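K.L.:
Take a look at this one; I'll ask things after.
The values are calculated or read from the model by the stated rules, or taken from the named source; none is laboratory data. Predicted, not measured: the structure shown is a model, and the values here were computed from it. Counting neighbours? That spans all protein chains shown, and the Cβs are built from the backbone with ideal geometry, glycine included.
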Amino acid sequence: MEHYSSTSQDKILYQIKRLGPQSVKSLAETLDVTTMGVRQHIAQLAADGLIEALAEEPQPRGRPVKPWKLTEKGHQRFPDAHAQVTVDLILSVRELLGESAMDRIIEKRTRETFELYRRELEKHKTLAGKISQLARIRTNEGYMAEVLEQEGEFILSEHHCPICIAAKSCQGFCRSELDVFQKLFEGSAIVVREDYILNGARRCSYRITPSA
């Protein structure tokens with residue numbers, strides 16, 4: 001029997017968070033452990049209310065596969081930076097100073113974020129290098145970012161949003177992030193948001209297409 005540990009469970013939660021619903025077999029292959037060991041952890045995670053099963057998916061060969069996804073409680077295992085405090089501040093600013101004050105705060109945050117990212121990206125000469133650096137910055141900020149190159153284009157995926165609760169209260173934060181990305185690559189690439197957590201997607205993703 002494999003050793004039961006919370007670390008193993010955390011790895012399973014992380015893979016489901018990063019990749020979306022996963023079967024026992026796919027988790028075992030990704031984590032290089034036995035399916036029996038994964039089943040033990042899956043059973044405990046389900047009992048703790050952190051994951052839940054989706055409908056079985058038929059396979060071309062063999063038995064149907066049951067994917068597992070994170071529950072709301074499972075998503076809460078990943079930090080949402082100072083979420084409630086941020087929401088309270090947003091509501092207070094709107095109540096006391098009005099929506100225009102909130103807009104000015106977001107504009108200031110946009111400028112500061114752009115300058116911070118710009119300085120870091122300038123250290124790299126190629127577009128691929130700049131995008132990889134952006135992913136590292138975003139990962140350090142809690143976004144679980146990664147880059148995939150597809151036929152000359154790049155997909156920047158962010159599997160977690162550490163400000164998601166705040167963004168639900170003020171979607172200006174999301175517009176700000178897209179504005180920053182577009183401005184960072186202005187003249188060298190076009191940035192389009194393809195997946196959006198607040199629209200029900202499991203992640204936010206951006207397609208970055210080099211300019212002709």
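K.L.:
May I ask you to list the residues in the stretch 43-70 that are out of contact with any helix residue (DSSP H, G or I) (no Cβ under 8 Å at 6 or more places or on another chain) and either surrounded by 15 or more Cβ atoms within 10 Å (Cβ to Cβ) or assigned to a helix (DSSP H, G or I) (or both)?
P.N.:
Hits for the stretch 43-70 are Ala43, Ala46, Ala47, Pro67.
K.L.:
So which of Thr139, Thr110, Thr209 ends up being part of a helix (DSSP H, G or I) and either among the aromatic types (Phe, Trp, Tyr) or touching a residue at least 40 places away in the same chain (Cβ under 8 Å) (or both)? It would help to see each step written out before you state the result.
P.N.:
On the way: Thr139 fails: either among the aromatic types (Phe, Trp, Tyr) or touching a residue at least 40 places away in the same chain (Cβ under 8 Å) (or both); Thr209 fails: part of a helix (DSSP H, G or I).
Step by step, each of Thr139, Thr110, Thr209 is checked, and only Thr110 is part of a helix (DSSP H, G or I) and either among the aromatic types (Phe, Trp, Tyr) or touching a residue at least 40 places away in the same chain (Cβ under 8 Å) (or both).
K.L.:
If I ask for residues that are surrounded by fewer than 19 Cβ atoms within 10 Å (Cβ to Cβ) and either in contact with a Cys (Cβ under 6 Å, 6 or more places away or on another chain) or not in a loop (DSSP other than H, G, I, E, B) (or both), which ones from the stretch 145-156 would you list? It would help to see each step written out before you state the result.
P.N.:
Keep residues of the stretch 145-156 that are surrounded by fewer than 19 Cβ atoms within 10 Å (Cβ to Cβ), which gives 146-153, 155.
Selection gives Glu146, Val147, Leu148, Glu149, Gln150, Glu153, Ile155.
K.L.:
Say we look at the stretch 113-136 and pick out the residues that are β-branched (Val, Ile, Thr) and part of a helix (DSSP H, G or I); which of these is nearest to Val192 (Cα to Cα)?
P.N.:
Taking the stretch 113-136 as the starting set, the residues that turn out to be β-branched (Val, Ile, Thr) are 113, 126, 131.
Next cut, part of a helix (DSSP H, G or I) only: 113, 131.
On the way: Thr113: 19, Ile131: 14 Å.
So, considering only residues that are β-branched (Val, Ile, Thr) and part of a helix (DSSP H, G or I), the one nearest to Val192 (Cα to Cα) is Ile131.
K.L.:
Of the residues that make up the stretch 183-200, is at least one in contact (Cβ under 8 Å) with a residue 24 or more places away in the chain, out of contact with any helix residue (DSSP H, G or I) (no Cβ under 8 Å at 6 or more places or on another chain) and under 22 Å from Glu112 (Cβ atoms)?
P.N.:
Yes, the stretch 183-200 contains a residue that is in contact (Cβ under 8 Å) with a residue 24 or more places away in the chain, out of contact with any helix residue (DSSP H, G or I) (no Cβ under 8 Å at 6 or more places or on another chain) and under 22 Å from Glu112 (Cβ atoms).
Yes/no matrix, rows are residues, columns are (1) out of contact with any Ser or Thr (no Cβ under 8 Å at 6 or more places or on another chain); (2) at pLDDT below 85; (3) not aromatic (Phe, Trp, Tyr):
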residue	(1), (2), (3)
Ser6	yes, yes, yes
Tyr14	yes, yes, no
Arg18	yes, yes, yes
Ala28	no, no, yes
Gln40	yes, no, yes
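K.L.:
Please verify whether Phe173 is surrounded by 19 or more Cβ atoms within 10 Å (Cβ to Cβ) and more than 30 Å from Glu72 (Cβ to Cβ), treating the condition exactly as stated.
P.N.:
Details: surrounded by 19 or more Cβ atoms within 10 Å (Cβ to Cβ): yes; more than 30 Å from Glu72 (Cβ to Cβ): no.
So Phe173 fails the test.
K.L.:
Within the stretch 156-169, identify whether any single residue is in contact with a helix residue (DSSP H, G or I) (Cβ under 6 Å, 6 or more places away or on another chain), of a type outside the set (A, V, I, L, M, F, W, C) and farther than 28 Å from Lys69 by Cβ, and answer yes or no.
P.N.:
no
K.L.:
Also: Quickly run through the stretch 49-86 and pick out the residues that are of a type in the set (Val, Ile, Thr) and modelled with pLDDT under 80. Steps first, please.
P.N.:
Kept after step one, since they are of a type in the set (Val, Ile, Thr), are these residues of the stretch 49-86: 51, 65, 71, 85-86.
Passing the criteria: Val85, Thr86.
K.L.:
From Ala135, Ala145, which residue is in contact with a helix residue (DSSP H, G or I) (Cβ under 6 Å, 6 or more places away or on another chain), under 19 Å from Phe78 (Cβ atoms) and among the aliphatic types (A, V, I, L, M)? So that I can check it myself, show each step before the final result.
P.N.:
Working: Ala135 fails: in contact with a helix residue (DSSP H, G or I) (Cβ under 6 Å, 6 or more places away or on another chain).
It is Ala145.
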